[in-house]
Each structure stands twice: as structure tokens, then as C-alpha cells.
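One structure is given here, and the rest of the page talks about it.
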2 protein chains.
Amino acid sequence: MPAGAALSGGVAGPDALRPLLDAVLAGLADGAALRGGPLPAGGPAGVAALVAAALGDRDHRATSATGEPAEPSGQGHPGEALADDGNHPARGRAGEPAEPDDVLRRLTTLLTRGSADPADPACAAHLHCPPLALAVAADLAVSALNPSQDSWDQAPAATELETALVRDLAALVGYDPATAAGVITSGGTESNLMGLMLSRDHALGRAGGHATELGGLPRDLSPRIFASEAAHFSVQRAAAVLGLGERAVTAVPVDRDLRMDPAALDVLLKEAVGRGETPVAVVATAGTTDTGGIDPLPQLADIAERYGVWLHVDAAYGGGALLSDRLAPLLAGVERADSLSLDWHKLGWQPAPAGVFLVRRAETYAPLARRAVYLNPADDEEAGYPSLLGLSLRTTRRPDAFKIAATLAALGRTGLGRLVDTCHDLAHHAAATVRAHPLLELHTTPVLTTAVFRYRPASGLPADADRVNAALRRRLLTEGRAVVGRTELPGRGPGRVRLKLTLLNPHTTPAQVDALLATVVAAGQAEERDEAERAGEPEGVLEGVPA
Amino acid sequence: MPAGAALSGGVAGPDALRPLLDAVLAGLADGAALRGGPLPAGGPAGVAALVAAALGDRDHRATSATGEPAEPSGQGHPGEALADDGNHPARGRAGEPAEPDDVLRRLTTLLTRGSADPADPACAAHLHCPPLALAVAADLAVSALNPSQDSWDQAPAATELETALVRDLAALVGYDPATAAGVITSGGTESNLMGLMLSRDHALGRAGGHATELGGLPRDLSPRIFASEAAHFSVQRAAAVLGLGERAVTAVPVDRDLRMDPAALDVLLKEAVGRGETPVAVVATAGTTDTGGIDPLPQLADIAERYGVWLHVDAAYGGGALLSDRLAPLLAGVERADSLSLDWHKLGWQPAPAGVFLVRRAETYAPLARRAVYLNPADDEEAGYPSLLGLSLRTTRRPDAFKIAATLAALGRTGLGRLVDTCHDLAHHAAATVRAHPLLELHTTPVLTTAVFRYRPASGLPADADRVNAALRRRLLTEGRAVVGRTELPGRGPGRVRLKLTLLNPHTTPAQVDALLATVVAAGQAEERDEAERAGEPEGVLEGVPA
């Protein structure tokens, strides 16, 4: 048996894992120390050089863009490993065997050094949370045992645990757990796809007179999905996947907080029906990616009900508010959704993925039901073997429910709610600092845990603001100093670029938020200075300068 | 900050993780010892009771179906945690705080005790591999750092690592890495969906005169997908998701080894074209789930080429043959596929998921390209920031590439190929034992690492064989003695139920395979005895017996 072939399972698994986990922990520590900040300096070229050097690519090793000494290359470039022709069974360029713990320490150091670490207070760009150590540890158990949720006999206890968790999550959103159903997903994109697929098969199957999932899309029904201008792009993507086409999505206008305008929705629905189109779904967003804006759920639910249209709520971000007594009222009405998306790898501090898809009425799941003779034969189901196969779009499926369940068991809703509240406070602190700063401009009051703003360049021209804000963000990335978000407000024309802090680290202090904003301002000023210098330089000066 | 809120990242992460990982390792050891076999005894009811007891559900605790003492319940039923009303901030039914390491040890013990462990030689039902300890350890680094592949600034090094790995995997299958493209997926189901989506948009977009992903499916084109009767059910599922409908899939007949009949495909294609239908894709299977049968790829590639139809190869199982010098020739022709699926969580010994999707020509990826202003704005891409967003159907995406890369670095193709060959040998050993046993009947010579067979009941009647084989498998599950696979051969009528051993554990010995087959025979005999007894009992005996 080759070195490195030890298994993680069985009675011997823990002993095989221990030294390898030690190597990973050492690599995490080494890499964090080498990085020394929220991300590696040098930008994409620098990171590419770092990776190439560590993988032993001679072409890149001499030309590290960071100018730092390359990591020892050692053995084990995956490419070389695959090119291995069998003449060098010991592998590695020098012919020595590659010890698994050496490989792990080296590659973990590389991954860590080359990461944008959301546990660093200056890494606050995306809905990219720093995971809880306990959730990460729980996930190790899942990797080691490798249960798969597509049949009971690959995941006996995990099947039960997911079923119990889904019931609890259904209760959390206000569904009746006895009649709701759901599944753990790879994230909001998959959950949105599922909600829109079920809505498609519900609306078009009914209108077209045949089961869409069997016979395909009926003709001449002109399906339409209604989502706000600020809805996640995965709504368009789902429409493309589902054969409806991205243009089937009608963008409903939003207010300044990026909340859907219910009156506009009503008009658009009426017009669509008047044209003989088939409304398939209204997608409400509970927590837009940028502002955390929450669509007016009760009004949207009324309208959807009036038109008999499926209501899908994308609460991938805002679902976290349900954990907080302070913020939960923002999601009133979510329990009227026909289907919804939650993401515990956003406000839930899980390592990705930890998505959740729920439906209010289990029977609406029917189009996804599947019988695979090797997974859930009818006689096994009759004999009491439960199957989650028909709940998911995937087949092999890791029980991501386990880390969520362990987190809930240790922290409870109350503990998690305190983390949500802390991040909410940080966003308000950031907003106050932005408001008070003459060179910064706040877009709107934070709803959840993000602050959207921009740096004001001296000229005050919209196009200048766009260019300088985009450039200062890249400057911070290249210098390895900060990871701040960048987005564009809905609409047309210049002046829509904004920066954002997505504050998901409850250990970050208000002082660290202020320091991060000061870093942004300094980068904006540096960018303006450099622009002025470039503009002031006669062309001739640049000529003849080696690139 | 509540207990349990420590993060896995940053400089402090490793120290926060260490005691929690110790708790998980202890739980893995405790659970494996408590289980003492390939899966827990007691069947679904027993496992449900075990889980309910451990979660502290009083209703179930007293009625453990296994009759064993319940685990200490302690605090931390996720349901209770969510029901927490904030009056008990310390949580837990007794009001004590739930220490994260206690929770982890308890829940890991439960998950382990309640697992079907593929590291046990008697757990050999599914394409459900026992993961390598080194891959599991590598995955810990990913959980701890939580990179997400949807933007460079959430995963600088991981973006580079995945790009390098995909290039290497493209070379492995015989694509030109300079012109191929691909992505790591959640498994063959997602990869098949992607291949069929691209083929749909290629064929229908061309025929319909508009970009399908934007405008939806053109009318009156009657799209058709051709896949063998033994193709994975995810092909039908993909057709349903994509709006084509399951009935768009034409089942092409197979031979005894479950390989597609190319002459039949040719006829079916000709007929479809004659009816004015639009062939969208031919799906070839390289390694059917049951027999490992590999469709005749060169002939199918010729036919697909002749009709100008997209060829997708589902090599989720058979792709592992590429690692073995002995078996790689079986996949000759795979390099002619327009797209293909590989799964490293099958013959690759990764914890799930570790799927791969590849296309031969990067430009065919166009329908999936996406621009999200908050993830890959055009000016950032112009400034050199790479984006993998348009390569995946997902948005948030864990870098599963890392564990694969670490495994390749430590074991190389040669080391992994030895594991593949060992499992191939085990399947042939199993087949020989089956052939030699008067009460067992082999279906066909193993191609990869599975042996398909059945127990022969005394009557010899097809319906009896089906019933007894299905029942003996459930008996083995309920007794906690073995997890063997069960499937049905294509066709109609009784006599199609088969058992299978999917041999993916390279540490299993031939003697252990023989012992497992002996266990199957004994269970078949016991089942027949019990059936005879039940048949012989006068009805009256059962009357009046309390249920």
C-alpha cells in the first residue's frame, strides 16, 4: 500500500488523522504568520507566482512578483503527479517519496498564506464569513466518515439529523414543521434554482396541462418571473438553467434601500397578465447582497396571493435576522413564502456550504421526487427506509446539516443572535464614522450588517468617483492591506460605483472598523495623488523607461 | 462573546481548533467502538431512536429500538436551541452552558455510531468510498480558511490552485489543456446538468436562432437526448431541470454488460432526425453505476460527429480508470467528448464532494458566462483579476480542488493507480468466489470494481429471487452486519433484482470479501427459512398476538 493510503474511517481512522491534522494546524499557523494581514500582497500576479513557486514550477520561481523568497518547492506539483509515467513510483522531482504530512503542511501553508482571511478585521468585502472553530471541527467528522445523503444506507444517522434540523429550521421561519419540507443545499444559488424550478412546474404544468418535469415546457405560455432590480443574479441564472431564459425575469424597481416597490410589482403583474403571459413566481429578497435591504414581504405576499403566483423568498443573507430578537421582526411575512432560501455560511458562521431550501407545503416538492432502483427501491421505502433523494437536485450529498446542528447545540439561537447583533452594531458604527468623515459618503442606513459608501474624490464628478473608488479598492488588494467590497447601484450612467463593508466578524472592534475606513481614505488620497502625477507627467518622461 | 464563538481563521485559529479537533477525534474513536461493525443495528427505527436519545428527545429515549442504553442526552438538541426564547441565555435543558468540546464529542460519537462506514470491509454497497485520511485533513484547511471560488478576493491562492488542477485534469483525459476548460463541481449530477445545459444551448440556440440562455427554449424543435438504458438517472433529472422534460431522453438499448449498442443509437438518431426532432446530446456512460460497463466511446464519438451532436461522457465512476495503467485503455476515445464528468469522491478516495466538469473547447462555456458587479466587474478583470464565476452553476463555492491537489501531490497518479488496481483485483476475486458458489449467480465479469450477482433461492422462480435478495439485504442492514448494494437490471418483469459489491476499499483483503459473500449466503438461507416458517404457520397462531 503506498504511503498516504491510510483511511480516515474505522477504528484506526483517528490515529491516522492525528499527525495529519497536526500538519494542517502547523500550516495554518505558518501561513497566517507569513501572510501577516488580510490577504497576500502582490495582486493576482503575486499570488500566481507564490502558487507556482510552491508547486515547483521553475518558470515562475525565479520571477516571484512579490520579490519574496519562494517557498521550498519540494515534491508534489499535482501536474507532475498526473504526468507521472510510472517509472518513478516514489514520485517527486528528486525522486524522494512525498510524505503526506510534509505535503499537507506545505500546501496548507500555501493556501493560508494565499487566502483572503475573513477572520481578519480588514477582510470585509463579501458575504464571506469567518467560520466558527466549532463548526469547522464538526465538519471534520463529516469528511472523515463521508456519509452521503442520497440513501439511508450511506448515512443512517445523518439522514435522521438532517430531517430533524430541517424541521427545526421550518419552525424557525414560522412554517408548520408538520407540513413543510426542505433540504440542505450548496447555497442560495441552488436554493433559488430549486424554488424557481418548483414554481415553474407548478405554474406551467397547471397552465399547460401536462407535468412540465416530464414533458418539457409547454408552448405559448410566455412565462415570467418578477424580481427586484437588486435581486441576486442567481435568479437570472436559474431562469437560464430552467429553459425560461434570462429575459423571462422582469426587474421590478427598487427604492434607495434597494427594496422592491410593491405598487410597481402590482402594475407589472397586471400588464403581464393582460398580455396573456404566465406569471411563474415573485422572488422577494430578504437581505440584498449590497445593502441588506428587505423587500416588504407582507405586501408582496398579498400581491402574490391575489394573482395566485408562487412566492419565493431569497433570505440567503437576511435569514440570519431570524436568530436575533432585535432583527427578527424585519422578516415578518416570510412564513407566507411558498419556498425560501437561507444560507448558514453567511449570518451563521459556517464554512461553506451550508445552504437551506424550504417549502411551506411538502406536496409542492412532487416534481423533484425520484425513484432510483439502486438508491430508494419501493420495497425498501415500504419497509421503512427513509430517503432524502427526492428532496435534492444532487445525488451524492455531504451532510452539511451536521455542522449546523453542532453549532446550534453549542450556541443556541441566543448565542448566534448575539453574534448577529454584534455585527449589526458594527455596521451602524461604520455608518456613523462614514457620515462623520468629509471624504466619505454613506449610501443608506445599514439594515443588517453592511455599510455601503464611497470615497469622494476632489473633482466631485461621477465618473471620477467611479474610477477612483474602483482603483483604490484594487490598490488595497494589491498592497495586501484590506479586502473591501465594491458594487454598483442599480440604474444607468456613471456615479453608481460604491464600496461596502460587509461586517460578519463579531470579534472585530469598532476601533478596527474605524482603522479600516481610515485605510480606505488614505488609499483614495494616494490614488488621487498618483492620478494627478500621471496626468502632470510629460509623455516623454515615460518613454525609454524599461517596463 | 458567547462560549463557542472562537473563529478558525487568523493567527489564533489553530489554537482554537486544537481542543475541538481532539474532541472530534475522541468522538470518532468512541463512535466506531460503540458501533462495532459496518453500520448500526436496528434499521431505521433503531437509528431514529439513537438520534432522538442523543438529542434529548424524551419521547424516544425510553423506547430505543436497539434496546441499548441511550446516550447521555445533555444539552443541545438543535430544536430546543432554536426554540430558545432568550430567557435561558446559558442554554440547555438544565440551564448549564453547553461546552463546544462536549457538544462535539457527543454529536460526533452519535454520527459515527450511526454511520455506514465505507472503511469497514463489510460496507460495500455504493460508489461511496472510504476517504483517505490525508484528503480529509486537507479539507480541514479549507473549512478553516473558508475561501470561496466566486471571486478572486475571496480565494486568491485557491483560484490559482483550481485553475492549475483543472489544467492537469484536462491533460489527464487527453484534452489540450490550452483550449479546454472546466471546474470542480458537487458531483456527477451537477456535472451532467452542466454538460446537458451547454449542449442544449448549443443545439437549440443554433437551431432556434436565438441564445437559449437568454430567450428560453425555442418552440417546435422537439429536443432529444440519447443515453443508454443504464445511464445514471441524473440524465433524466437534468432534462427535467433544463425544461426539456424527462421524456426528451431516449433510452438506447444495452448489452449484458450494460454498454450502449452503437447500432441502435445510429438507428434512433436517424429516426429522430427523420421526424424533424433536434438531437441535443449523446450521453455516453464510462462506468455504469452497477456493472462499471463502459460504452464504446470511439464508436459513439464517430456517430455523434456524423450527426453533429454534442457528446457528453459521464465518467463519474470510470474516470478513475485513467489513474491506472492497466485500466486506462478502457477509456480510449474519452478525449473526443465535448464535455465530461469525473468524480474524485468515487475512484479517487476524496470525501464528498469532489466532482469535475470539463469541456474540450473553452468557448462552448459561453452560455454560463456571468458578470456580477459585486464579484467580477469588467474593470477588475481588465486589471488582471481572474474570475471563476462563469465556470460554475454555483456562486459561493468551497475549493474542493485543494484536497484533490493535496492527494495528487502525496500519492501521484501512480499511487492512486495502485489503489484502483487493488480494488479491481478485489472485484475479480469476488466474481471468482461468486462463480464458484452454488447458491450465488454472477451477472457479468467485473469491468471496474463492482461485482453484480444474486443469491439463488431454492425455488428458482424469478419473483422469489427478487423478493429474497431484497429481503436478505435489508436483513443484513437491520442486523448491522453488512451494507451490500441492490439494484435492478434494465428491462421489464421479475427476475431483475441483483445484489452488488462496490469494492472501493483498497485495504479490504480477499478473505474479507469472501467472508462478506458468506454472510450474504447465510442471510439468504435465513430469509428462506423464515419465509418457510411464516408460510407453514397456521393463520390462527398469529391472531391475538399483540402487535
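Details
- Meets criteria (within 23 Å of A:Leu358 (Cβ to Cβ), open to solvent by 10 Å² or more (accessible area, probe 1.4 Å) and in contact with a strand residue (DSSP E or B) (Cβ under 8 Å, 6 or more places away or on another chain)) for A:Pro296: yes
- Every residue from the range B:1-42 that is at the interface with chain A (Cβ under 7 Å from one of its Cβ atoms) and closer than 16 Å to A:Ala158 by Cβ: B:Val24, B:Gly27, B:Leu28, B:Ala32, B:Leu39, B:Pro40
- A:Arg454 being open to solvent by 10 Å² or more (accessible area, probe 1.4 Å) and assigned to a strand (DSSP E or B): yes
- Applying the criterion of being at pLDDT 95 or above and open to solvent by 30 Å² or more (accessible area, probe 1.4 Å) to the residues of the range A:173-207, the residue that is farthest from the other protein chains (Cβ to nearest Cβ) is A:Thr179.
- Evaluation of A:Arg360 against (1) touching a strand residue (DSSP E or B) at 6+ places or on another chain (Cβ under 9 Å); (2) closer than 25 Å to B:Leu127 by Cβ (one fails), failing number: (2)
- Put simply, of A:Gly493, A:Gly485 the only residue that is small (Gly, Ala, Ser) and not in a strand (DSSP E or B) is A:Gly493.
- Scan of the range A:349-370 for residues that are crowded, with 24+ Cβ neighbours inside 10 Å and either more than 13 Å from chain B (Cβ to nearest Cβ) or assigned to a strand (DSSP E or B) (or both), ordered by number: A:Gly355, A:Val356, A:Phe357, A:Leu358, A:Val359
- One residue alone among A:Thr407, A:Thr433 is assigned to a helix (DSSP H, G or I), touching a strand residue (DSSP E or B) at 6+ places or on another chain (Cβ under 9 Å) and more than 21 Å from A:Ala315 (Cβ to Cβ), and that residue is A:Thr433.
- Scope the range A:381-421; condition more than 8 Å from chain B (Cβ to nearest Cβ), open to solvent by 10 Å² or more (accessible area, probe 1.4 Å) and under 21 Å from the mean Cα position of the chain (by Cα); matching residues: A:Asp421
- Every residue from the range B:323-348 that is within 14 Å of another protein chain (Cβ to nearest Cβ) and small (Gly, Ala, Ser): B:Ser324, B:Ala328, B:Ser341, B:Gly348
- Here B:Gly320 fulfils each of the conditions (1) within 21 Å of the chain's Cα centre (by Cα); (2) touching a residue at least 60 places away in the same chain (Cβ under 8 Å); (3) part of a strand (DSSP E or B) apart from (3).
- Residues in the range A:10-36 that are in contact (Cβ under 8 Å) with a residue 60 or more places away in the chain and in contact with a strand residue (DSSP E or B) (Cβ under 9 Å, 6 or more places away or on another chain): A:Gly13 alone.
- Within the range B:465-478, being open to solvent by 20 Å² or more (accessible area, probe 1.4 Å) and among the charged types (D, E, K, R) holds for B:Asp466, B:Arg467, B:Arg474, B:Arg475.
- Filter result for the condition that a residue is out of contact with any helix residue (DSSP H, G or I) (no Cβ under 6 Å at 6 or more places or on another chain) and without any contact (Cβ under 8 Å) to a residue 40 or more places away in the chain, over B:Ala470, B:Ala427, B:Ala432, B:Ala409: B:Ala432
- Residues in the range A:147-166 that are more than 7 Å from chain B (Cβ to nearest Cβ) and either under 30 Å from A:Val520 (Cα atoms) or in contact with a Gly (Cβ under 7 Å, 6 or more places away or on another chain) (or both): A:Val166 alone.
- Index of the failed condition, B:Arg237 passing every other in (1) of a type in the set (D, E, K, R); (2) open to solvent by less than 10 Å² (accessible area, probe 1.4 Å); (3) part of a loop (DSSP other than H, G, I, E, B): (3)
- Of all residues making up the range B:479-506, the number that are farther than 16 Å from B:Leu442 by Cα and buried (at least 19 other Cβ atoms within 10 Å of the Cβ): 7
- A:Arg498 vs. criteria outside any helix (DSSP H, G or I), closer than 19 Å to A:Asp290 by Cα and in contact (Cβ under 8 Å) with a residue 24 or more places away in the chain: yes
- Meets criteria (more than 7 Å from chain B (Cβ to nearest Cβ) and either open to solvent by 40 Å² or more (accessible area, probe 1.4 Å) or free of Cβ contacts under 8 Å to residues at least 60 places away in the same chain (or both)) for A:Val249: yes
- The range A:256-276: number of residues that are acidic (Asp, Glu), over 21 Å from A:Thr444 (Cβ atoms) and in a loop (DSSP other than H, G, I, E, B): 0
- Conditions (1) outside any loop (DSSP other than H, G, I, E, B); (2) crowded, with 17+ Cβ neighbours inside 10 Å; (3) within 13 Å of another protein chain (Cβ to nearest Cβ): number failed by B:Thr289: (1)
- If you go through the range A:371-380 and keep only what is open to solvent by 40 Å² or more (accessible area, probe 1.4 Å) and either in contact (Cβ under 8 Å) with a residue 24 or more places away in the chain or over 15 Å from B:Arg467 (Cα atoms) (or both), you end up with just A:Arg371.
- Within the range B:102-146, being more than 7 Å from chain A (Cβ to nearest Cβ), open to solvent by 10 Å² or more (accessible area, probe 1.4 Å) and over 19 Å from A:Lys403 (Cα atoms) holds for B:Pro121, B:Ala122, B:Cys123, B:Leu127.
- Filter result for B:Pro89 (within 8 Å of chain A (Cβ to nearest Cβ), open to solvent by 40 Å² or more (accessible area, probe 1.4 Å) and modelled with pLDDT under 55): yes
- Candidates A:Ala119, A:Ala141, A:Ala98, filtered to the one that is in contact (Cβ under 8 Å) with a residue 12 or more places away in the chain, touching a Leu at 6+ places or on another chain (Cβ under 9 Å) and within 25 Å of B:Tyr374 (Cα to Cα): A:Ala119
- On inspection, B:Ala518 qualifies as modelled with pLDDT of 95 or more and over 28 Å from B:Ile294 (Cβ atoms).
- Total residues in the range A:292-317, condition part of a loop (DSSP other than H, G, I, E, B) and either in contact (Cβ under 8 Å) with a residue 40 or more places away in the chain or of a type in the set (S, T, N, Q) (or both): 6
- Given (1) under 24 Å from the mean Cα position of the chain (by Cα); (2) open to solvent by 10 Å² or more (accessible area, probe 1.4 Å); (3) of a type in the set (Val, Ile, Thr), index of the condition A:Thr433 fails: (1)
The values are calculated or read from the model by the stated rules, or taken from the named source; none is laboratory data. Every value quoted in this text rests on a predicted model; they were computed, and no experiment measured them. A quick note on method: Cβ atoms are made from the backbone with ideal geometry, for glycine too, and the neighbour counts reach across all protein chains shown. What goes into the accessible areas is simple: the full protein's heavy atoms, side chains included, and nothing from ligands, DNA or RNA. Shrake-Rupley method; radii C 1.70, N 1.55, O 1.52, S 1.80 Å.
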